[in-house]
Structures are given as C-alpha cells and as structure tokens.
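Here is the structure we will look at, set down as structure tokens.
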Amino acid sequence: MKKILSIFTFIFILILMTACNQNPTEPNEPTPTDPTDTINLSEVNPNNDVYYQIFVRSFADSNEDGIGDLNGITENLDYLEELGITALWLLPINPSPSYHGYSVTDYYDIESDYGTMTDFENLIEAAALRNIKIVIDLVINHTSDQHPWYLSALSSTSSPYRDYYIWQGNNAFESFVGGMKDLNFKNQAVIDEVKNIMDFYLDKGVHGFRVDAAKHLIEGINASWENTLLLLDLNLHIKEEYPNSFIVSEIFDYNYLAYADYFIGSDSVFNFYAASNIWDKVGNGNSRFLLVSNLKKAYDKFRDINPDFIDSPFIGNHDLDRIASMGGFNTFNTKEKISLAARVLLTLPGSPFIYYGDELGMKGYRYEGTNIPGYGVVYDEYRRQPFIWGNSEIETTWLPSDGSNNSTNSLALQREDQNSIFNVYKEMIEIRRNNPALMYGNNFSAYNGNNSSIQGYIRHYEYETINQAVLVIHNLSSDATTLSLDYEEILYGSLNIPAYGTLIVTIDPAEIEGYR
C-alpha cells in the first residue's frame, strides 16, 4: 500500500514539474502609476467639495412660468458639471408663504412653485449620476406662523404643539420678524421632530444640511455651548445611518471666536471672518499685509477645537450684497479684484461655496422697502435676482430688472471670453480639484515673503503615498511684481505676477520650511 502511494505521489510531482516548465514566461514589469489614480481621495475625504449655492426661484425655469424650479436645475446640471461643481446647496425648497422660503409650513413637502417631491427625487438621482451631492437648507430655528403646528399651538394652551414654541404671554417668540415663530429646543419632542425630518431627506439621498440661524436655536447665557451640544446630538443621530452625511452651520458673526466651538457639533461652519477679510484686503485694500496672518489665526483656532476641521469659506451669499456691488469691488479694477477674490476663495482650505451668479460678476444689493414697478416693495430680493443665462427660454422673470446688471455679460457671452470671470472660476475649480493640496485637508501656513503687496500661503496634503505641497501667492496691489523662487511646477500664472494676479506652484514637500 505504501509503495502504491509513493508511486502516485511521484507521478503527481512529475506532472506539476512538467506543467511549470511548459511555456515559461518572464515576470511582468510593474506599470508605474500615479498614486492619485489608485486612491479615491473623494472617498477618503467625503465632505470636501466645491459647492454652488442656488436660490431655486432665480436659477432656471423649466415650464415657462417665469419662476425657477427643481426641473430647471436638473435640466442644467450639464452647466454645473462644466463649471466643476461637486455639490449643491439649495436654499429652502419647502412650502412657504414667503418668496424666500424661510418661513416653512410643511417640512415634508416641496414648494409648489418649485415642483413636486418626485421632481426633487429626480434631481437627486440625476445629480448623483454626475457625482454632484445635494445639501438642503434646514430651517429649524423657526416655522411659519401658518404652520399647522403653530396654528394648533395658538388655538389652545392644551394643544400638543403648545410647547413646540416659546411663549411670552400670548405671543410666541421671534428671533426674526415676519411671521417666523421660534421652535422650543428645550422640548425633546421638537428635537425628535427635527431628527425625523433629517432622516426623511437622507433616505431620499441628500448628502446633508445647511442649518439656518444655528446660533439662535437656543437663546440665553450659555447659548453657544447649548447650541453646539444640540447640533452634536443631531449630527450623531444622522451619522448612525449615514456616516458620510454632512452638517454645515450658519453662525452669522464676523468674529471667528464666536463660532469656533461649533466645529464640535458641526462638520463645518461658514467662515464669515474669512469673507470679511477678503472683502477688506482685496476689495478695499486695507491692511493688506494682514490677510494671510488673519486667516491663519482663525484656522489655528479651529484646529485646536477639531484637528480635522473642514472650513466653509465663501465671498457671497443670499443675505449679503453681491461682491460685485460691494465698495472696493465696484469702483476701479472691478473685474481684476473680483477675479482675485475668486482665486483666494478657491485656494483656501475646506469646501468653498460659490453663490450662483458670482461666477458671472452679477450685481445685487438690498433695498429698504423700495417700491419696484411691476413687483412691489422689495428688501433682499435683488441680492437674489435671476441668473443671467443669455437664453430667454430658461431665464426666470419673477423679478423685474432694476438695471443693476445691464452691463453684466451673460453666461453665453462669458463662455466665449477666455478672460471672463466665469472662465476664472472654471479654471480655478479645475486646478483645485486636480491638486490634493488645494482640494483636501486643512493645512495652511504663511509664505515667508509676505508684505503689503504680496500675500502667499502654503497648502500641504499627505495621505499614504500621496504627498503634495502647493505655494499660492496673490498680488493684492495695482502694480505688477516679479518673484524669484524655487519651485517644481507652475500650476497657474507666472513669476511675473500682474496687478491683482496670482501665482500657484508646486514645491518639494520636504522643503516646506524654507518657504515659511
């Protein structure tokens, strides 16, 4: 028996050796690959995006009623993809008696002017096919005074919704005037309602929420800390089922210390401080030498709170006069300064937010109760006026022109102009997305050659085999300047930086200390 087993074993080994010797091949040489081709950094950093903020009423009209709608966005996703956008923030889309939508009457439905819930679901699906995420405005500080919760609460002190609101005698408290009644976040039932609302939209495929008026959710001596804990509770709740979901909080304050703690409960916070510095240093030219040091001061504070903080910088939004209408940007060198502000924005850490129309240099400012023929009394409407497509079939007409954009070129015209503001945005977004040091991470250090004209900073990102350092230098003056420095590759501009110009180069990550 042992002899038979030995024979079979010998035959088996012989067959294996013969097979191994047939058709011998040389080992393949490994194919060199770019590390960024094998590592999906957008998955590693799911909350770093380039956002585009849309006021739906003004963006694109799909049914020729003069009002922008959800289908209008869906039908123009090609434009957003062309621009390089990776995420959208939609201003309120729920039913509301107000044009702006910040007085909600039903959190589980869509404003009829904008379409239906099916239209919204179609938008989410179509955007996802282009790898564009959707973030919606979560207006939970208050409801409309026409919301069924409030109407019930008002009707009887025994209403189950009575404690949904904060009462001062027979009147419900309002942080903001205009029939917007504050919800009571000392009531667990209200918190549970908000969690249900968030779950409802996450289940539909939204990426997350912009929390409106976050610093007003709870008022009082310890409001900042109580609001932080409330947001943390909401965030932990949605992360259970959707670990990559996103909360960006609006803390409308120009002092970065006022919202630093909110990085504990939020994934990100809008950086009003950075915006004000860009307006002041780039637009007005005040104390230009402080731009980078001021930004770094804020980032260092945020990093103390959360080492992995994700900032949300911007230079324009719906509550502010358009940057093209701000002092300093609307007097001289307008196009150059607006373009420079865009280049600063798109090279800062975090997820930059672009307000629709800013990429065209659209103008718009607040009126104080002025009567506009054909519309009526206006306040913030012209900060949110129709996008200028250059295509009457999709342009909205809900708000008559006040003449402020008579000289603003449409998208159709700016596409054909390589020096247009639109093409500045498009090029800078492409550069940002193609360079990990600009797109991801929050590393930010000052360039050692900074002065009253030149303001530069180093952005660095390292993950596994990916290690990139980028030096960004902006000329904030009206005079051209020439630099002499070591670099690996020029990504944008040249060493001869024109007035209000920018230079972006890659540098050796091992030599960063020599630049700061």
Handout entry: Residue check, S58 touching a helix residue (DSSP H, G or I) at 6+ places or on another chain (Cβ under 6 Å), of a type in the set (G, A, S) and touching a residue at least 60 places away in the same chain (Cβ under 8 Å)
Key = no
Exercise for the section: Find the residue count for the stretch 373-417, including only residues that are of a type in the set (A, V, I, L, M, F, W, C) and farther than 16 Å from F59 by Cα. Expected result: 3
Problem - Residue in the stretch 420-433 that is part of a strand (DSSP E or B) and not hydrophobic (A, V, I, L, M, F, W, C) present - result: no
Exercise for the section: Could you tell me whether the stretch 483-491 includes any residue that is surrounded by 15 or more Cβ atoms within 10 Å (Cβ to Cβ), touching a strand residue (DSSP E or B) at 6+ places or on another chain (Cβ under 8 Å) and touching a residue at least 60 places away in the same chain (Cβ under 8 Å)? Expected result: yes
Fill in the blank from the handout: Checked D380, D402, D358 against criteria (modelled with pLDDT of 95 or more and surrounded by 22 or more Cβ atoms within 10 Å (Cβ to Cβ)); the one match is D358
Exercise for the section: Pick out the one residue from I512, I429, I466 that is in the same structural domain as F289 (by TED's automatic domain parsing) and in contact (Cβ under 8 Å) with a residue 60 or more places away in the chain. Expected result: I429
Problem - R459 being of a type in the set (K, R), more than 23 Å from N434 (Cβ to Cβ) and either buried (at least 18 other Cβ atoms within 10 Å of the Cβ) or touching a residue at least 24 places away in the same chain (Cβ under 8 Å) (or both) - result: no
Exercise for the section: Examine the stretch 247-270 for a residue that is in contact (Cβ under 8 Å) with a residue 12 or more places away in the chain, in contact with a Leu (Cβ under 8 Å, 6 or more places away or on another chain), of a type in the set (A, V, I, L, M) and more than 18 Å from D137 (Cα to Cα), and state whether such a residue exists. Expected result: yes
Practice task
Name the single residue, out of those in the stretch 158-193 being over 22 Å from P97 (Cα atoms) and modelled with pLDDT under 95, that is surrounded by the fewest Cβ atoms within 10 Å (Cβ to Cβ).
Solution key: G169
Handout entry: Among residues of the stretch 440-487, those that are of a type in the set (S, T, N, Q), in a strand (DSSP E or B) and under 15 Å from Y299 (Cβ atoms), counted
Key = 2
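The values are calculated or read from the model by the stated rules, or taken from the named source; none is laboratory data. Note that the structure is predicted; figures quoted are calculated from it, not measured. With ideal geometry, Cβ positions are generated from the backbone for all residues, glycine too; neighbour counts draw on all protein chains shown.
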